[in-house]
Amino acid sequence: MFFDLPDFDTLYAALLARDPGYDGFAFVGVRSTGVFCRLTCPARKPKKENSVFYSTVVEAMEAGFRPCKRCQPLSLFGARDNTLGILLASLENDPEKKWSEEDLVTAGLDPSTVRRTFKRQFGVTFLEMARLRRIGKGVNQLTTGGEVIDAQLEASFESGSGFRAAIVRHLGMNPSQARQHRFLKSHWIETPLGSMLAVADHQALHLLEFVDRPALPNELTRLRNLTSSEIIMDRTPVTDRLEVEMGDYFAGKSCRFATPLVEHGSIFTRGVWDALRAIPAGEVRSYSAVAAAIDRPRATRAVARANGANQIAILIPCHRAIGADGSLTGYGGGLWRKKWLIEHEKRMFSR
């Protein structure tokens, strides 16, 4: 069911030809330099005896190779670069800071590059993200009973009128109205497969998706409508718990998740999701097998639709459902991620 690498000579010929057909499916480790590259890397090609091929970036990194700075094999999958990591950490460590382009220049960064990188990865610029983070802290103060002036100071706004204008512009309501409104809190979680967006209240998780999933904007709109809520940037205890469990999962320590969930689906759909959770980690099932497990053997297509409607990736393991012929099909986060998750779980349970 997975991509089987061709023989060494075929791969080496593809490397010399810089064949784009293997992009994402094959990587070359260069023993003489200790780096691994895409086969399309423009750098000088290694000798045969110095070349070793891998089907995933994870295998190459586990073998001790580091990613090439020239062809950036991790960026093929939208993985965040070092600049993203530094700025996201800075934002988390000092969310009250009022960032400007001058701050980026002082940090030795090019503002236009940072702008493009964040826009491509998250759909907002870094300065917009920093501003949303500040507003989120202020709204959180309001919704927990704080006074407007306290919320203004929490959000690091010097001007009351500026804070009120920011709240109205962001939420479509004034601070007094916001105090009575329900809010869900969104937070980015970094993973080896790229950034994920978690949306939770103080009791449970509502959504967990990769931020580059094309359907994510529509999913957020649907979630707002279903819950009659607005979504702001902030953490909750649920987010903190999820982040720990996700860390253990990607470190290969555990496939168990105790984070409470809110499942926005019909009785049938939630039954499919229960069946997905019943698939042991490290194993897969066909959609028809899932349909049989819920005593609806003729509902294979409906099961596939319910699988695709899942908005809580990994915790509701829709990646464990495959085609009847063993093929990887239909994963909103990208088939390469589905393949990675299945192999990751197989490795965990093959030790």
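Once the mean 1/r over all distinct Cα pairs of region 8-76 is inverted, what Kirkwood radius in angstroms do you read off? Intermediate values should be presented prior to the final figure.
Details: mean 1/r = 0.0873 Å⁻¹.
In region 8-76 this quantity evaluates to 11.5 Å.
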Taking H as built 1.01 Å from N, whose amide H comes closer than 5 Å to the amide H of Leu261, not counting residues under 5 places away? Leu205
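Within the P(r) computed for region 187-261, what percentage of the Cα pairs occupies the region above 16 Å? Walk me through the intermediate numbers first.
Numbers: 1390 of 2775 pairs.
That fraction is 50 percent.
Stick to Cα atoms and the Kirkwood definition of Rh, then tell me Rg/Rh for region 182-351.
Values: Rg = 15.5 Å, Rh = 16.3 Å.
Ratio of gyration radius to Kirkwood radius for region 182-351: 0.95.
Between Arg277 and Asp248, what length comes free when the chain is fully extended (0.36 nm per residue of separation minus the Cα-Cα distance, one decimal in nm)?
Numbers: separation 29, 0.36 × 29 = 10.44 nm, distance 1.78 nm.
The span from Arg277 to Asp248 would gain 8.7 nm if fully extended.
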Protection proxy (average C-beta count within 10 Å per residue), highest first, orders 247-255, 21-29 as 21-29, 247-255
Using only the alpha carbons, work out the radius of gyration and Dmax of region 301-351 in angstrom. 11.1, 36
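Just want to confirm a number: the relative contact order over region 8-76, from Cα pairs under 8 angstrom separated by 6+ residues, in percent. It would help to have the intermediate numbers written out before the result.
Numbers: 107 pairs, mean separation 23.7, N = 69.
Here the relative contact order equals 34 percent.
Readers should treat all values here as calculations from the given coordinates under stated rules, not as data from a laboratory. These figures come from a predicted structure and were not determined experimentally. Neighbour counts run over all protein chains shown; Cβ positions are idealised from the backbone, glycine included.
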